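Okay, so here's the structure we're looking at.
The values are calculated or read from the model by the stated rules, or taken from the named source; none is laboratory data. Predicted model, so just to flag it, every value in this text is computed and none were measured. Cβ placement follows ideal geometry from the backbone for every residue including glycine, while neighbour counts extend to all protein chains displayed.
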Amino acid sequence: MLEIKRATPDDADRAFEIRREAIRGQCIGAYSAEQMALWTRGCASDGYNVLMEKPFYLGWVDGEAVATGMLDPDHHEVGALFVRPAFTGRGYGKAMLAHVEGIARQMAIEQVVLDATLNAVSFYRSCGYVGDEQAVYRSPSGLMLACVPMVKRLRVIPA
């Protein structure tokens, strides 16, 4: 069972490593080896660590961090949804996504957006997201990746 906890600044390196493993293990074929190498280079202190200030979560199984997810409340954006390759196919990604969407509902956010990697579009569609047009994601580091902007309307929890 996945136990989801709010990340702390001390979790930045752990979260970055989950991200790196997920990209390298699950984006093969969707992106070139060169793109994946650029995308996963560096370390958390290169800027990823600032995400821990947002509603950023780690999913734990038997004391091991295996999944991440976050909400950028200012932009109503879901992001950093990653699962270690050895733990995919067990519903942990869906559980983390549902958790982040629940946080958005509590904040009275009626619609969330995300930029789906090409390999994750069908996953997000299965979770109720819509979007078909390819776009280009430009990372803060200057990396450009094909993505599919997607949106999902949420049923807000009454206060």
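Key figures
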read-out	value
Single residue of the range 63-87 satisfying the filter (within 13 Å of residue 18 (Cβ to Cβ) and surrounded by fewer than 17 Cβ atoms within 10 Å (Cβ to Cβ)) that is nearest to the chain's Cα centre (by Cα)	85
Among residues of the range 25-43, those that are in contact (Cβ under 8 Å) with a residue 40 or more places away in the chain and in a helix (DSSP H, G or I), counted	5
The range 44-96, subset of a type in the set (Val, Ile, Thr) and assigned to a strand (DSSP E or B), residue farthest from residue 139 (Cα to Cα)	61
Those residues of the range 130-153 which are at pLDDT below 95 and of a type in the set (Lys, Arg), in sequence order	138
Pick from the range 100-159, criterion among the β-branched types (Val, Ile, Thr) and in a loop (DSSP other than H, G, I, E, B), ranking: farthest from residue 26 (Cα to Cα)	157
